[in-house]
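Trainee: Input: one structure, supplied below.
The values are calculated or read from the model by the stated rules, or taken from the named source; none is laboratory data. Bear in mind the structure is a predicted one, so any value in this text is a computation, not a measurement. Glycine gets a Cβ as well: all are built from the backbone with ideal geometry, and neighbour counts include every protein chain shown. Heads up: the accessible areas ignore ligands, DNA and RNA and are worked out on the full protein's heavy atoms, side chains in. Shrake-Rupley method; radii C 1.70, N 1.55, O 1.52, S 1.80 Å.
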Amino acid sequence: MKILIIEDEQALSKSIATYLAAENYTCEIAPDCKTAMNRIETFEYDCILLDISLPDGNGLQVLKALKDDHKTDGVIIISARDSIDDRIHGLQLGADDYLTKPFHLSELGARIAAVIRRRRFAGNTALEADGLRLDTQARSVRINGQMVDITRKEYDLLLYLLANKNRVVSKHAIAEHLSGDGDGLFDNYDFIYAHMKNLKKKLSQAGWKDHIKAVYGMGYKMEVP
Amino acid sequence: MKLLNKTVRYYFLLSVILLLVAVPVFYFVLKRIVIANVDARLIATKTQLVPRLQVMEETPEGNNPLLNNDITLERAAPHSGRDSLYTSDVVDSNSRRKVTYRLLTSHLVINRDTYRLQIKSSLANHEALITSIIILQVLLLSLLLAGLLLINRSLARQVWKPFYNTLRKLRAYKVDDAAPLHLGNSDISEFKELNAAVEQLAERSRKSYVSQKEFAENASHEMRTPLAVFQGKLELLMQTTPLTEEQATLITDLATASQRMARLNKGLILLTRIQNGQFPETEDISVQKMVIHLLDQYRSQADQKQLGIETSWQEDLLVKANPTLIEVLTGNLLANAIRHNITGGNILVKIAAGAFTVQNTGQLYPLNTARLFQRFAKSSADAESMGLGLEIVKKICDLYKYEITYAYEHPMHVFSVKMR
């Protein structure tokens, strides 16, 4: 899968590229509008990460050019601006998602996975890991064909870990993702232990080998081959 | 005391003194003039009479046609004194009323006998005239004074109108208003200068406020990219192997700190945005629905502390406002009730009589109300609370003119927002 990162801050684009490389994404970096335009004219990408404020112009013009050419690349805007207007404007121009800086790389990973699922497979896709099958359309989880009854939060948690499999996902990122608490009202991450405990219990009761490892109170990692 | 009253008081005092002094003075002067006039007439009468009397023979005091009620002649002891003029009250024989007369007594010798000639003239008519004149004068002066006061008052009201306009506008002016202060024009140069000076002052404070606000906003925005870099690198650091527990703990602490920075940043930007009035869109919102949704969202956090949450919906509160802001407002209050609660504590969420109320258990003493809604005024032991939440709540309440109150009703902390 090919990803284009249009971002002028090199430290950030390199971090994103490194993180995504683990998921077998091939990343290309465009630090300005001009390079980005050249790239999108020549190549097709599964997902484009687009910063709005670029040194030589507004990132939204890249988005416009894409839509004018009827390209089907998925686009996620990553911006320091987070007003509703910016968001609505970006989404109206045809972006698939909008992520405000600073964000967790794991959150970005999950969003990219979602966009690619929607774009490439028309949303009709399942994630698999060692006999576990998570159907994002039916929002169901099966283990060796057997339906597992899990709560909405547990489903979100499992999907998040699957989208970032084989990488450590910090408890902060999980907490923010689960609570949908973008405004950061809570500093307490303890509640995710309860969800994690229940999820792991249900999965192992259904006969799945526990691949979710706690990493020194720092976060969790789903290790699947 | 009003400036108007102060000046008018001096005018009034002067007028009363003038009135009190002028009227008696006028009275005496008038009286003197009248008396001098009467005296002159008496002397003239005498000068006319004397030669005619002296040519008379026999008894001049008899049935002399020259004598009458006012002119009497009677025999007297020889007298060499001069004529005397004086005022005297004489009881009138007819009406038995005391009448004031001006009398001229003169001694003259007729046929070797000394006679006393007395000529009198009544002052009653003159006095009536003087009294009328004085009454008229007092009346006139009083009317003049009253008129002056009235004119002064209405004139002052007119003249001071621009001043009161300025005052009213200044009272209503807030430095965070988007529009500069306009005080309007005045014909009076003093007020014109005052308005100009005040406008300049307001503009200066508004500009410095705006630049400070812009600084806060720009700084907050500029901080986001480095924060994103920092957070990203930390996540990459988490992926490194081998990773010791010691390193993991350090990374976790850093991640927690960066998370707090990100939150603080969000809070500051939200505050500036509220102050900038960047939430103009409004729609009809059911506060009850919003609160139920938020309670569901915060369920995990509340369960973690084993909190008992009770709700009481006496009515549904429908408000016309920006949905984001109402969500932030109710969300912050609910989150505070959860965050500052004790394990196993209680929360009561209530909508009644147009007010949204959150009650929660927590520390066993009231919060410092003076600093409660101020930036970074932390009052709980929770070191991680960012101290912006209540200020944001307050700003939203200010924006929509909601009234927020806090009370400590042992053992509950009660926050109530009157939205209607």
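Trainee: Any chance segment A:11-19 includes a residue that's touching an Asp or Glu at 6+ places or on another chain (Cβ under 7 Å) and open to solvent by 50 Å² or more (accessible area, probe 1.4 Å)? Reasoning before the result, please.
Mentor: Kept after step one, since they are touching an Asp or Glu at 6+ places or on another chain (Cβ under 7 Å), are these residues of segment A:11-19: A:13, A:19.
Cutting the leftovers down to open to solvent by 50 Å² or more (accessible area, probe 1.4 Å) gives us none.
No, segment A:11-19 has no match at all.
Trainee: Let me ask you something else. Out of B:Leu145, B:Leu149, B:Leu140, which single residue is open to solvent by 90 Å² or more (accessible area, probe 1.4 Å), part of a helix (DSSP H, G or I), hydrophobic (A, V, I, L, M, F, W, C) and at pLDDT 80 or above? Talk me through it step by step, then tell me what you get.
Mentor: Values: B:Leu145 fails: open to solvent by 90 Å² or more (accessible area, probe 1.4 Å); B:Leu149 fails: open to solvent by 90 Å² or more (accessible area, probe 1.4 Å).
One residue alone meets the criteria, B:Leu140.
Trainee: Look at segment B:281-300 and say how many of its residues are more than 13 Å from chain A (Cβ to nearest Cβ) and part of a helix (DSSP H, G or I).
Mentor: Residues in segment B:281-300 being more than 13 Å from chain A (Cβ to nearest Cβ) and part of a helix (DSSP H, G or I): 6 in total.
Trainee: Here is a further query. How many residues does segment B:110-128 hold that are without any contact (Cβ under 8 Å) to a residue 40 or more places away in the chain and surrounded by fewer than 13 Cβ atoms within 10 Å (Cβ to Cβ)?
Mentor: Residues flagged as without any contact (Cβ under 8 Å) to a residue 40 or more places away in the chain and surrounded by fewer than 13 Cβ atoms within 10 Å (Cβ to Cβ) within segment B:110-128 amount to 3.
Trainee: For segment A:204-222, indicate whether the set of residues that are away from every other protein chain (no Cβ under 11 Å) and within 27 Å of B:Ala337 (Cβ to Cβ) is non-empty. Reasoning before the result, please.
Mentor: Within segment A:204-222, the first condition is being away from every other protein chain (no Cβ under 11 Å), and the residues that meet it are A:204-213, A:222.
Pick out the ones that are also within 27 Å of B:Ala337 (Cβ to Cβ) and you get none.
No, that holds for no residue.
Trainee: Being free of Cβ contacts under 8 Å to residues at least 24 places away in the same chain and under 17 Å from A:Leu12 (Cα atoms) narrows it down to one of A:Leu99, A:Leu54, A:Leu108, A:Leu91, so name that one.
Mentor: Numbers: A:Leu54 fails: free of Cβ contacts under 8 Å to residues at least 24 places away in the same chain; A:Leu108 fails: free of Cβ contacts under 8 Å to residues at least 24 places away in the same chain; A:Leu91 fails: under 17 Å from A:Leu12 (Cα atoms).
One residue alone meets the criteria, A:Leu99.
Trainee: For residues that are free of Cβ contacts under 8 Å to residues at least 40 places away in the same chain and within 14 Å of chain A (Cβ to nearest Cβ), scanning just segment B:176-220, find the one that is least open to solvent (accessible area, probe 1.4 Å).
Mentor: B:Ala219
Trainee: Name the residue that is modelled with the lowest pLDDT, counting only residues in segment B:390-420 that are out of contact with any helix residue (DSSP H, G or I) (no Cβ under 8 Å at 6 or more places or on another chain) and assigned to a loop (DSSP other than H, G, I, E, B).
Mentor: The extreme case among them is B:Arg420.
Here's the yes/no breakdown for (1) touching a Cys at 6+ places or on another chain (Cβ under 9 Å); (2) of a type outside the set (Ser, Thr, Tyr); (3) farther than 24 Å from A:Lys2 by Cβ; (4) at pLDDT below 90:
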position: A:Asp68; (1), (2), (3), (4): no, yes, no, yes
position: A:Arg81; (1), (2), (3), (4): no, yes, yes, yes
position: A:Ile88; (1), (2), (3), (4): no, yes, yes, yes
position: A:Ser106; (1), (2), (3), (4): no, no, no, no
position: A:Ile112; (1), (2), (3), (4): yes, yes, no, no
position: A:Gly123; (1), (2), (3), (4): no, yes, no, yes
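Trainee: Those residues that are of a type outside the set (A, V, I, L, M, F, W, C), within 12 Å of chain B (Cβ to nearest Cβ) and either in a loop (DSSP other than H, G, I, E, B) or touching a residue at least 40 places away in the same chain (Cβ under 8 Å) (or both), I need them from segment A:1-29; list them, please. Steps first, answer last, please.
Mentor: Taking segment A:1-29 and keeping what is of a type outside the set (A, V, I, L, M, F, W, C), we get A:2, A:7-10, A:13-15, A:18-19, A:23-26, A:28.
Applying the additional criterion that residues be within 12 Å of chain B (Cβ to nearest Cβ) yields A:7-10, A:13-15, A:18-19, A:23.
Of everything in segment A:1-29, those that are of a type outside the set (A, V, I, L, M, F, W, C), within 12 Å of chain B (Cβ to nearest Cβ) and either in a loop (DSSP other than H, G, I, E, B) or touching a residue at least 40 places away in the same chain (Cβ under 8 Å) (or both) turn out to be A:Glu7, A:Asp8, A:Glu9, A:Ser15, A:Tyr19, A:Glu23.
Trainee: I've got another one for you. Identify, please: which residue in segment B:228-267 is assigned to a helix (DSSP H, G or I) and among the hydroxyl-bearing types (Ser, Thr, Tyr) and is, among those, nearest to the other protein chains (Cβ to nearest Cβ)? First the steps, then the outcome.
Mentor: First pass over segment B:228-267, keeping only residues assigned to a helix (DSSP H, G or I): B:228-239, B:245-267.
Right, trim to among the hydroxyl-bearing types (Ser, Thr, Tyr) and you get B:249, B:252, B:256, B:258.
Details: B:Thr249: 7, B:Thr252: 5, B:Thr256: 7, B:Ser258: 7 Å.
Filtering first and then ranking leaves B:Thr252.
Trainee: Name the residue that is nearest to A:Lys197 (Cα to Cα), counting only residues in segment A:139-157 that are touching a strand residue (DSSP E or B) at 6+ places or on another chain (Cβ under 9 Å) and in a loop (DSSP other than H, G, I, E, B).
Mentor: That would be A:Ile150.
Trainee: Moving on to the next point. Got a sec? Which of B:Met290, B:Met238, B:Met223, B:Met261 is in contact with a Gly (Cβ under 9 Å, 6 or more places away or on another chain) and open to solvent by 10 Å² or more (accessible area, probe 1.4 Å)?
Mentor: B:Met290
Trainee: Exactly one of these conditions fails for A:Glu107: (1) open to solvent by less than 10 Å² (accessible area, probe 1.4 Å); (2) not in a strand (DSSP E or B). Give me its number.
Mentor: Result: A:Glu107 fails condition (1) only.
Trainee: Just for segment A:57-83: of the residues that are assigned to a strand (DSSP E or B) and open to solvent by less than 30 Å² (accessible area, probe 1.4 Å), which one is farthest from A:Asp8 (Cα to Cα)? Give the derivation first.
Mentor: So the first thing to find is which residues in segment A:57-83 are assigned to a strand (DSSP E or B), and the list is A:57-58, A:74-79.
Cutting the leftovers down to open to solvent by less than 30 Å² (accessible area, probe 1.4 Å) gives us A:57, A:74-79.
Details: A:Gly57: 11, A:Gly74: 20, A:Val75: 17, A:Ile76: 15, A:Ile77: 13, A:Ile78: 11, A:Ser79: 11 Å.
This residue is A:Gly74.
Trainee: Which of the residues belonging to segment A:140-179 are at positive phi and over 15 Å from the mean Cα position of the chain (by Cα)? Break it down into steps so the answer makes sense when it comes.
Mentor: So the first thing to find is which residues in segment A:140-179 are at positive phi, and the list is A:144-145, A:166.
A:Asn144, A:Gly145, listed by residue number.
Trainee: While we're looking at this one, here's another question. Determine, yes or no, whether B:Val349 is of a type in the set (Val, Ile, Thr), closer than 30 Å to A:Met196 by Cβ and either surrounded by fewer than 18 Cβ atoms within 10 Å (Cβ to Cβ) or in contact with a helix residue (DSSP H, G or I) (Cβ under 9 Å, 6 or more places away or on another chain) (or both).
Mentor: Considered against the rule, which asks whether it is of a type in the set (Val, Ile, Thr), closer than 30 Å to A:Met196 by Cβ and either surrounded by fewer than 18 Cβ atoms within 10 Å (Cβ to Cβ) or in contact with a helix residue (DSSP H, G or I) (Cβ under 9 Å, 6 or more places away or on another chain) (or both), B:Val349 comes out as yes.
Trainee: If you go through segment B:128-151 one residue at a time, do you hit one that is touching a helix residue (DSSP H, G or I) at 6+ places or on another chain (Cβ under 9 Å) and on the phi > 0 side of the Ramachandran plot?
Mentor: no
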